[in-house]
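Take a look at the structure below.
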Amino acid sequence: MPHDLPGPAKASTRLDYGRRIARAMALIAADPARSPTLEELAAAAAFSPFHFHRIYRELTGETPAETQARERLSRAAALLVRGGEPIAAVAKASGYGSAAAFTRAFRAAYGIPPAAYRDRGGIGLPRPPAPHREETAMHEITIRDEPALRLAALAHRGAYTGIGGSFDRLMAWAASRRLIGPETRFLGLYHDDPTTVAEKDLRSDACLTVPAGVEGGEGVRILDLPPSRCAVLVFQGPYAELEGAYSWIYRDWLPGSGEEPADQPVREDYLNDCRTLPPAEWLTAILVPLKEKVAA
């Protein structure tokens, strides 16, 4: 007697699993400084604690502890870049029991201790896109035409540094529908200036590309972005350091470029996998949509 479920039943079960794992991910993202117990995470996902870890890992590609560590260190990096709080205070805010434990974890992930990271202002480097680069003193910009994109989007409200949790939940949603493949692009849409809008009011969207016919649901909506002409800067390094590149684009490059931004949010295109690579190797393309040039 066969034991396999029929196709529609399998698909329905996988969707249900994705919804339930997303609840556990939301619990982690709500406060990365706190460590939910296995029982709390399993209860949030309505799975037995005996099976929760295996299901979580199969659907997300990492363990709950790895998800939490990534969230903690990303937020810690943002605190180090932005201010001069003592290392012990950053460690406590990030959920570490001591400055020594935090320093060990940070050095293992970022390659240098947190104090040196703060003193250096980060470890990221601008990466020149090619071809047809426009040389500048600090970074290199290219202008290219982006195709129309169909996106599955999950809204995020609050600090941009916390959008990783929204990406985690979006990926659980997509994985349960078998929508993630080699051609999938992961993008963030950022609607506000974090230096002028209160952190709690910042609006952004965690997005990934999907084919035609995919429908939203469970908080995920479908967005269609039109073809766009974009200024592109590729940055290598932790996401916490991207704000410096934004400042350069808007303060130095854009006013002298002869270009004008279009009425679309700025985008970040995440070019490699932050789950499998150290932060020093993360690649992000910042895309600023531009108005079309009017022929003279």
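Taking a ≥ b ≥ c as the square roots of the eigenvalues of the Cα gyration tensor, an a/c ratio of 1.5 or more together with a/b no larger than b/c marks region 131-243 as oblate.
Remark: the Cα gyration tensor places the chain in the oblate category, a/c being 1.5 or greater and a/b not exceeding b/c. Sites counted here are trypsin sites (Lys or Arg not before Pro) in a DSSP loop (not H, G, I, E or B) having no more than 16 other Cβ atoms within 10 Å; the longest part of the chain that contains none of them is 35-132. Other residues whose C-beta falls under 12 angstrom from the C-beta of Ala65 contribute a net charge of 0, scoring Lys and Arg +1 and Asp and Glu -1. Converting phi to 3J(HN,Hα) with the Karplus coefficients 6.51, -1.76 and 1.60 and the offset θ = phi - 60°, region 72-84 yields 4, 6, 5, 5, 4, 4, 5, 5, 5, 5, 7, x, x Hz in sequence order, with x at every glycine or proline.
Close amide H contacts of Ala262 (hydrogens built in the peptide plane, cut-off under 5 Å, sequence separation of 5 or more or a different chain): Leu290, Lys291. With contributions of -39500 (n - 2.57) from each DSSP H run of at least four residues, the per-residue ellipticity at 222 nm computed over the chain stands at -11500 deg cm²/dmol.
Shape of region 66-120 from the C-alpha gyration tensor: rounded (a/c under 1.5, with a ≥ b ≥ c the square roots of its eigenvalues). With contacts taken as Cα pairs under 8 Å at a separation of at least 6 residues, the chain carries a relative contact order of 20 percent. In a DSSP loop and with at most 16 other Cβ atoms within 10 Å, the GluC sites (Glu not before Pro) in region 199-296 are Glu215, Glu218, Glu292. Among the GluC sites (Glu not before Pro) within region 27-93, those in coil by DSSP and having at most 16 neighbouring Cβ atoms inside 10 Å are Glu62.
Each value in this text was obtained by applying a stated rule to the coordinates, not by laboratory testing. Small disclaimer: the values here were computed from a predicted structure and weren't measured. Cβ sites come from the backbone with ideal geometry, for glycine too, and all protein chains shown count toward neighbours.
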